[in-house]
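Below you'll find the structure, written out as C-alpha cells, and then a few comments.
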Number of protein chains: 2
Amino acid sequence: MANFDKITSTKVQKGTIVLHKGDTCNFGYKVVSGCLKSYVIDKSGKEHIVQFAPEDWFISDMDSFFNNKPSNIFIDAIEDTEFLKIGKPSFEDLAKHDSNALKEQNVKMRKSLISLNRRLIGLLSSTAEERYFEFLQTYPNMVQRLPLKLIASYIGITPEYLSEIRRKIEKK
Amino acid sequence: MANFDKITSTKVQKGTIVLHKGDTCNFGYKVVSGCLKSYVIDKSGKEHIVQFAPEDWFISDMDSFFNNKPSNIFIDAIEDTEFLKIGKPSFEDLAKHDSNALKEQNVKMRKSLISLNRRLIGLLSSTAEERYFEFLQTYPNMVQRLPLKLIASYIGITPEYLSEIRRKIEKK
DNA sequence: CTCATTTCTTAAACTACCTTAATTTTTACC
DNA sequence: GGTAAAAATTAAGGTAGTTTAAGAAATGAG
C-alpha cells in the first residue's frame, strides 16, 4: 500500500454540493458518517437519484473520474456528512505500480456493475410498489432517515404516488 | 500474454441457449460474428433484455462469474453466432500475472458502467420514444437485424406500443 | 410452392402512474 | 413558542403505456 497522504478526511454540512455537474470528478468519496446522494437533472428540470451513500458506501462519477471528462451528475450531502476523499493521483499511481490497487478498483467497479444491473432489471420488470420494497432491502433502516421525496426520486415515481403506495401497504 | 489454451472459439446456431438461469456462469463471451442477448424472465413470465452483444461486444453474468453463484439471467444466440469463451481460470491467471489484462478488464468494466448508467438514467427520465432513439444510438445498424419484439423488450415496452411509436415517427 | 408458425400492425378498452391543486403535517428558525 | 417554509397527504382528472384480440405480413419447414 502507498499514497495514504493523498486520502483526506472532510466534513460538510447538510445541503453542501460536493460535486457539481460539469466539473471533472477528481475524487472517489467513501462516507464515514452521514449520507450523500448522486443525481442527474433531466431536460424538464426533474431530479433523478442515482445512488444514496450512507456510512461505508463509496460514491463517485466513475465516467468523469476515470476518463477525465465533465461530470454528468451532482453529488450533495443529504445530512451533515464526513467522508474520505480519494484523489485521482493516488488512484492512478497505485494503478500503475501496484496491481493490488488495480484489483481493488476492479472489485469496486464489479460491485457497482452488479448493483446497477439489479436496479435496471427492477426498473424493467417491477411495478413501483415492488421497487419500493427493493429499495427497502438495498438500504435497510434508511427509510427513517430519508425524506419520502428522495425515495420517490430513487424509485422513479412522484412523491404523491409513493404516498399513495404507502397508504395502500398500511391498509393490509 | 498467457493461457491462450483456455480461451476457445465456439459456434452456435440461432436459438441456442448459451447460459441457463440457475447455472453458474463460468465464462465471459466475446462475440466474433452474429449476436447474443442476455435477459431475465420475471414472475409473470415476461422476458426483459438486459444487453445485446453483436460483433466485438462482451457479454457475461458478472455477478455469477465473479461470485460463483447461480446466474439470474439467460444468454441465447439471436443469430448463428461465433464467440470466444474466456474461462474463469484464464481470467484469474491473467489477473495475477499480467497487469495488462487487468487493465483491459478495467477498461471494459468502465465502458459497461457508463453504458449501464446511461440506460438507467434513460429509464428514470425518458419517454419510450426517447429510449427508442437512445437504443438506435447505442446499437447502430442493429435496427435492421433485430426483430421489433426484442427491441421493445430492451427499451421496456410492449411490441404493440413500439409499433405505434414507429408509425408516429414515420408520419413526421 | 404451400401450409403452419411466428411476427407485426391496428384499434378499443383499461390501468399504472402523473399533474395539478388544495389541505395538513412537520421542520426550521428568530 | 410562533410563524414561515418545506414536506407529506389526499383527491380529481389526465396521459403514457398495457392488454386483449383479430387480421395482415413475413418467415420457415417440408
*Quick one: which residue in A:GLY15, A:GLY28 is part of a loop (DSSP other than H, G, I, E, B) and either in contact (Cβ under 8 Å) with a residue 24 or more places away in the chain or under 22 Å from A:TYR154 (Cα atoms) (or both)?*
A:GLY15
*asked:* Can you pull out every residue in the stretch A:123-153 that is within 12 Å of DNA strand C (Cβ to nearest atom), within 14 Å of another protein chain (Cβ to nearest Cβ) and either open to solvent by 60 Å² or more (accessible area, probe 1.4 Å) or under 16 Å from the mean Cα position of the chain (by Cα) (or both)?
replied: A:THR127, A:GLU130, A:ALA152, A:SER153
_Meets criteria (open to solvent by less than 70 Å² (accessible area, probe 1.4 Å), more than 15 Å from the chain's Cα centre (by Cα) and away from DNA strand D (no atom under 12 Å from the Cβ)) for B:LYS88_ = yes
*Would you point out the residue of the stretch A:4-22, among those that are farther than 22 Å from A:PRO147 by Cα and of a type in the set (Val, Ile, Thr), that is surrounded by the fewest Cβ atoms within 10 Å (Cβ to Cβ)?*
A:THR8
*asked:* Of all residues being within 16 Å of DNA strand C (Cβ to nearest atom) and buried (at least 19 other Cβ atoms within 10 Å of the Cβ) in the stretch A:102-122, which is nearest to B:ILE41 (Cα to Cα)? Just the residue, please.
replied: A:GLY122
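One line per residue, one yes/no per condition, for (1) surrounded by fewer than 19 Cβ atoms within 10 Å (Cβ to Cβ); (2) among the polar types (S, T, N, Q):
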residue	(1), (2)
A:ILE49	no, no
A:GLU55	yes, no
A:PHE58	yes, no
A:ASP61	no, no
A:ASN68	yes, yes
A:SER71	no, yes
*How many residues are open to solvent by less than 50 Å² (accessible area, probe 1.4 Å), within 18 Å of A:GLY87 (Cα to Cα) and not hydroxyl-bearing (Ser, Thr, Tyr) when one looks only at the stretch A:23-40?*
4
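The values are calculated or read from the model by the stated rules, or taken from the named source; none is laboratory data. Computed from a predicted structure; not experimentally measured. Reconstructed Cβ throughout: ideal geometry from the backbone, glycine too, with neighbour counts over all protein chains shown. Surface accessibility is based on the protein's heavy atoms, side chains included, excluding ligands, DNA and RNA. Shrake-Rupley method; radii C 1.70, N 1.55, O 1.52, S 1.80 Å.
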